[in-house]
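Peer 1: The structure is given below, and queries will be raised subsequently.
Every read-out reported here was derived from the displayed coordinates using simple, explicitly stated rules and does not represent laboratory data. Please read all numbers here as calculations on a predicted model, not as lab measurements. Because the Cβ atoms are built from the backbone with ideal geometry, glycine has one as well, and the counts that use them run over all protein chains shown.
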Amino acid sequence: MTSPTSLDTAPGLDDDPTSGFSRRTFLAGTAATAGAAAVVTVGTRYAFASPEAPSNGDVMVLVFLRGGADGLSLVAPYNMATYRALRPTIRVKAPNEFTDPTGKAGLPMNQGGAIPNFALSGTFAMHPGMASLHAGPWTNGHLAVVHAAGMPAAEETRSHFDGQKNFEFGTASWNYSTGFLNRYLAGQSGVDRLAAVGRGGQLQRSLAGGVAAFSMYSNTSFNVSGYSNNTRARTALTSWYDAGTGDLLNQTGANTMAAIGTLGGVNFASTAFLPQNGAVYPNSGFANELKEIAQLIRANVGLRCVAVDIGGWDSHDGMGAPEDPASPFRQRAAEFADALSAFYTDLGSGMDEVTLATISEFGRTINENGSGGTDHGWGSSMFVMGRKIRGGIYGAFPTTIVDDPQHGDLTVMNDYRRVLSEVLSVRGNATNLSTIFPTFSQQSALGLALS
Amino acid sequence: MATGCDDLPTILRKLKTGEKIDWTPGPPSTTVPPPPPPPTTAPPTVPPTTAPGGNPALTASMIVNKLTFGPKPGLVAAVTAMGVNNWLEQQLTRSGLGTAESRLASGYPTLSNSNMANYTVQDSDGGQDRLFDQMDHANIQRAVYSDQQLFEVMCDFWGNHFNIWRRHTWMGFLRTRDYEDVVRGNAMGKFSTMLLASAQSPSMLDYLDNLPNDASTPGGVNQNYARELLELHSLGIINGVQAYTEADVQAVAQIISGFALEWGNVATKYDFKFLPWQHSRTAVSCFGGAVSFPARAYGQGYDDGITLVNYLAHHPATARYVCWKLIKRFVTDTPSMALVDSAAAVFAANDTAIVPTLRHIFASAEFAASAGQKIRRPFEHLVACLRATNATMGTAPQGNSANGLRWSLESMGQPIFERVTPDGYPDHQAFWVSSDGLLNRWEAAGNICRNAMGDQSDTADRVRVDLLSLMPNPLPATVNELIAWMAVSLGNYVISAQDIADMCTALGITGTAVATTVTTNAGRLSLTVGLVLSHPSFQRR
């Protein structure tokens, strides 16, 4: 069954008979835990950073770079003459054009020098701020890069707001109002408990839909609080917020109560939930999200899909020079890369069963604008990370990039849904790709995911 | 036997002439039956009257939930006594300052400061916090305490429509004048005036990168403000349909280049100024030739920008987009295009005046039938809890009350004046109804009711409620009746017998026990009222 979900169906409502998952089953499974006891026991499995049943497929972590990330800085075609010409100050520079009067030219780029030790190929180099991602996942062959990625011309927009919606719904069609990750989960069996978690106060649209999904600001504060007797308050709220009424507010309240029961048996303060393998998460909000996601994976609460955001990519001005460690874009790139590499180190062999992918609503103009920034463009770059991901650069890239008078930006040559279709089918056992991406005609796999 | 609803042209004509419109009654409301009279003092028995052009299908209960930041004890009765449509007209035709302004008499100098004076404030130690804290607590108090509730709701609406993130650059001190003048100064005026003010607002031009929009640089213009001016402020995109092209964005960026600030060392430093050396003087044509300007001499071009913004303000797509958003705010997450079009016609016929447009929407059958269709956003929820409980708070912008409320909004995901993106906080339930969002709403309601909202250590400055003083005198006989009374008289909704029974079970008391079983136990009383404000029905408006 691949019939699309109607726009008129508010997300989060009905049991989907085609999903092999019944919310009643979910609630029945957790109802017994409404009191003090919880069915979730953190047993032997938490040594593995994995879902309880690996045959279900990987835990999918979707990172959204909100604001339209400049893919031409994250992964720079640094040897292309047009790239150099169109970006006088903000380009990632090659050694042969780099002059350094301060005498740092012999140092690696991440130390202010000229050696492009993050070169990925003769064409591409990773931004100097992303040293950790290069040294870890890329060098280990567990990081795939797809450049010139995004929505094709028929579905493109330069609007942040429509663009983000389109990427998260998996289509630019206004006939859909559920997230592609939720539709993926609707086609999976054994989906129960905390299968879908969006990090933050609001649920990401990629997770909205009929399968219960939970927004979670922190693992440890997810509970009813604020009353003179919180147990009694929980009982009243559980009775008032009814599951199965077809109403988003009531259903979300009911799901939340059930999830509290599930999480109630997990002691996140125990040493089992400390970062492992020497991983050090940097001190940033995004890094903390990934740290808590790793804890949720270890907690064996049924996690299958996570959505997490990192904002601040709308770089209209003052991006700064990549070789300057204090430049704004470099700091953002480093925050992103350091968090990803810490997550990869923390989970260690658990990354056999975890795949992380990144998207952004668009890339940016090739030419640097008059304010040292870049305006809304088209193609960006994607990263896919996991130990069952074959590292490398995938997909087509233009042989030359020009300041096109109509767009002035990077043509999308790789539909992001081609990448995610492969990830979801090979690593996530998805068999309903035409439901997950209803307006996308499937293409051959790029070959970045190992079965 | 009524002859049926007037057709659209007739309605539009009557709206102008003031003739009585024949409305077919809307479908009966399914969510809010008329509330039973509270057992406390009966409302005055003045018969309700209907203002000319008013909507006879409106009830006091629903209109209080829809057009205010939430019920205050006694407000529904007062609206009933005054007549629903008389009260509505009073809210639409405000005059003078609201009743909250007296709370801002001391401690809020930055609200009336010039940009230059606020720069000086920011430049002092802790200055930016003082600026922002005054903005935050002034507008929380206005929402809670002002009698001009519809005006405050509209300020919140336009503040989001023209959202500015004040931390985008170092020039956060500009934000105060924008909110006080552009938004509050025009919230019930003409949209075209507001759009022109916004296009010349230093804070907006800073936030959306029009200050560095300099055509003379090698890279050329910066499109950021131009794009959002079209997409978010005027023409809009409704369900993916947009009325402009990428080439239009580029042309608008050229026309609006040079809209910037006075940087000279004078009293008007940081106020708006057209800077000719940044302006693109090449000939430009956009919107299919509807807006065309020839090449200009150095120093010219400001008038072209004003012409452009006026064109945008009066564009039919703008009328539809603004009305679509107003209907999303007041009626439903999914506006009918019929109501959008009829409201847009009123908007256009009244030279973009906001009040006649609102009057038209409130007179519609869709509005009358929309009780409970919207989810209160976190800011609305917090303010509604404070109003429902007659909460008191300190007026100091950096006191414990202000800090506690500001933090609560942050925990619920809607920190005041901190939306980062220019689209403003979303206005649909899918965004706000989430696990974490609900947990934090329930916590805020519980904390307010047990006097635990924020730091309570300063007895002169804390958020306080006196729940006992809100209870009816005499009390109803039983717990069941008391809970029913709380829902109606505090929450302005009707609670079912089953939900009352479930609450009693959770509380561990019997519904037929005497009402003092609840009121004589402070913890039980705060728990009960806190839960009444956490009920699904109180999350809707």
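Peer 1: Determine, for B:I354, B:I164, B:I500, B:I306, the number of other Cβ atoms within 10 Å of each Cβ, and report the residues in order from fewest to most.
Peer 2: B:I306, B:I500, B:I354, B:I164
Peer 1: What's log10 of I(q)/I(0) for region A:212-331 at q = 0.20, 0.22 Å⁻¹, Debye sum over Cα points only, no solvent?
Peer 2: At q = 0.20, 0.22 Å⁻¹ the computed log10 ratios are -1.16, -1.29.
Peer 1: Moving to a separate point now. Compute the distance from the alpha-carbon center of region B:167-183 to that of region B:472-497, in whole Å.
Peer 2: Cα centroid to Cα centroid, the span is 44 Å.
Peer 1: Ok, one more. Could you pull out every residue, at least 5 positions away or on a different chain, whose amide H is within less than 5 Å of the one on B:A353? Hs are placed 1.01 Å off N in the peptide plane, and Pro or chain starts have none.
Peer 2: B:F191
Peer 1: Give the value in nm², to one decimal: projected area of the alpha carbon convex hull of chain B, averaged over all directions.
Peer 2: Seen from a random direction, the Cα hull of chain B projects 27.4 nm² on average.
Peer 1: Only Lys, Arg, Asp and Glu count, each charged at its Cβ (+1, +1, -1, -1), so figure out the dipole size of region B:63-175 about its Cα centre, rounded to 20 debye.
Peer 2: 180 debye
Peer 1: Counting other C-beta atoms within 10 Å, which of B:S95, A:S327, B:S146 has the fewest, and how do the rest follow?
Peer 2: Fewest-to-most ranking of B:S95, A:S327, B:S146: B:S95, A:S327, B:S146.
Peer 1: Run the helix sum for the protein assembly as shown: -39,500 (n - 2.57) per DSSP H stretch of 4+ residues, divided by residue count, reported at 222 nm to the nearest 500 deg cm²/dmol.
Peer 2: Here the helix-only value at 222 nm equals -10000 deg cm²/dmol.
Peer 1: Taking θ = phi - 60°, what integer Hz values does the Karplus form 6.51 cos²θ - 1.76 cosθ + 1.60 yield along region A:343-356, in sequence order, with x for Gly and Pro?
Peer 2: Here the 3J(HN,Hα) series is 4, 4, 5, 4, 6, x, 5, x, 5, 4, 10, 10, 10, 10 Hz.
Peer 1: Using the alpha-carbon atoms, what tilt in degrees (0 to 90, nearest 10) does helix B:246-255 show relative to the longest principal axis of chain B?
Peer 2: 70 degrees
Peer 1: Find, to one decimal place in angstroms, the Kirkwood hydrodynamic radius of the protein assembly as shown, where the mean of 1/r is taken over every pair of different Cα atoms and then inverted.
Peer 2: Over the protein assembly as shown, the inverse of the mean reciprocal pair distance is 30.0 Å.
Peer 1: Going toward the positive end of the dipole of region A:349-451, with +1 on Lys and Arg Cβ and -1 on Asp and Glu Cβ, which of A:G379, A:F362, A:G392 do you reach last?
Peer 2: About the Cα centre, the residue reaching furthest to the positive side is A:G392.
Peer 1: So, one more: Excluding residues on the same chain fewer than 8 positions from A:K93, give the aspartates and glutamates whose Cα lies under 14 Å from its Cα.
Peer 2: Reachable aspartates and glutamates: A:E323, A:D324.
Peer 1: Moving to a separate point now. Return the FRET efficiency for the residue pair B:S114, B:A247: r is the Cβ-Cβ distance, R0 is 45 Å, and the value is rounded to the nearest 0.05.
Peer 2: With R0 = 45 Å, the Cβ-Cβ based efficiency is 0.70.
Peer 1: List the residues whose amide H sits under 5 Å from the amide H of A:L143, counting only those 5 or more places along or on another chain, with H placed 1.01 Å from N in the peptide plane.
Peer 2: Long-range HN contacts for A:L143: A:G391, A:G392.
Peer 1: Let me ask you something else. Give me the Å³ per residue figure for the convex hull around the C-alpha atoms of region B:468-539.
Peer 2: Enclosed volume per residue, from the Cα hull, is 77 Å³.
Peer 1: Counting only DSSP beta bridges with both residues in region B:191-314, tell me the antiparallel percent, nearest 5.
Peer 2: 100 percent
Peer 1: Using alpha-carbon positions, what is the distance between the centroids of region A:240-255 and region A:258-300, in Å?
Peer 2: For region A:240-255 versus region A:258-300, the Cα centre distance is 28 Å.
Peer 1: Something else about it: Non-local amide H neighbours of B:R540 (under 5 Å, H modeled in plane, Pro and chain starts lacking H): which ones?
Peer 2: B:R376
Peer 1: Please report the antiparallel percentage of DSSP beta bridges with both residues in the protein assembly as shown, rounded to the nearest 5.
Peer 2: 50 percent
Peer 1: Using a 10 Å cut-off on Cβ atoms, rank the peptides B:329-336, A:186-193 from the highest mean neighbour count down.
Peer 2: A:186-193, B:329-336
Peer 1: Continuing with this model, one more query. Helix B:378-388 sits at what angle to the longest principal axis of chain B, using alpha carbons and giving 0 to 90 degrees rounded to 10?
Peer 2: That helix lies at roughly 40 degrees to the long axis.
Peer 1: Taking a cut-off of 13 Å, what percent of all Cα-Cα pairs in region B:297-359 are separated by more than that?
Peer 2: 62 percent
Peer 1: Hey, what angle do you get for helix B:127-145 against the long axis of chain B, alpha-carbon based, 0 to 90 degrees rounded to 10?
Peer 2: The helix B:127-145 is inclined about 50 degrees to chain B.
Peer 1: Between A:L274 and B:D125, how high is the FRET efficiency from 1/(1 + (r/R0)^6) when r is the Cβ-Cβ distance and R₀ = 25 Å? Nearest 0.05.
Peer 2: Here the calculated transfer efficiency is 0.05.
Peer 1: On to the next question. How many partner chain Cβ atoms sit within 10 Å of a residue's Cβ in peptide A:230-243, on average, as a whole number?
Peer 2: That average works out to 6.
Peer 1: May I pose another question? Just want the ordering: B:L205, B:L382, from fewest to most Cβ atoms lying within 10 Å of their own Cβ.
Peer 2: B:L205, B:L382
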